[in-house]
Amino acid sequence: MGYFSNGTEGYEYQAKYCDRCKNWRDTKKAGGPGCPIIGLHMQWNYEQFKDPVKKEALDHFIPEGKPLGNRRCLMFFDKAEVKVAKNQLGLTFPEVPRA
């Protein structure tokens, strides 16, 4: 359900996925590290229980794991795997301008 019961759980998820994700941005101009997905989770974490639209949005990007926890974000692209694909297959991915 994309819910983090406390800060430690959120930081563990970030270390497992976000810090390794191609979509993760760590720039001061952007207001600090993050991406829109984890930003919404931090902002709407408790609000999702009162607002079904917010809950559905959070559930979509970070689905609930069974029996507990959160599964991998749908926007997750492992930096290492992207690098291997680019080198082995000659693929190019457009670079997102960094703020």
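Observations on the structure shown:
- Leading residue by the ranking (modelled with the lowest pLDDT) among those in the stretch 54-99 that are of a type in the set (Asp, Glu) and surrounded by 14 or more Cβ atoms within 10 Å (Cβ to Cβ): Glu64
- Residues that are in contact with a helix residue (DSSP H, G or I) (Cβ under 6 Å, 6 or more places away or on another chain), within 22 Å of Asp19 (Cβ to Cβ) and in a helix (DSSP H, G or I) within the stretch 42-78 comprise Trp44, Leu58, Phe61, listed in sequence order.
- Residue in the stretch 13-53 that is modelled with the highest pLDDT, counting only those that are β-branched (Val, Ile, Thr) and surrounded by 13 or more Cβ atoms within 10 Å (Cβ to Cβ): Ile37
- Residue within the stretch 1-12 that is surrounded by 12 or more Cβ atoms within 10 Å (Cβ to Cβ), among the aliphatic types (A, V, I, L, M) and at pLDDT 80 or above present: no
The values are calculated or read from the model by the stated rules, or taken from the named source; none is laboratory data. Being a predicted model, the structure only gives us computed values, none of them experimental. Methodologically, a virtual Cβ is constructed for each residue, glycine included, from the backbone with ideal geometry; neighbour enumeration extends over all protein chains shown.
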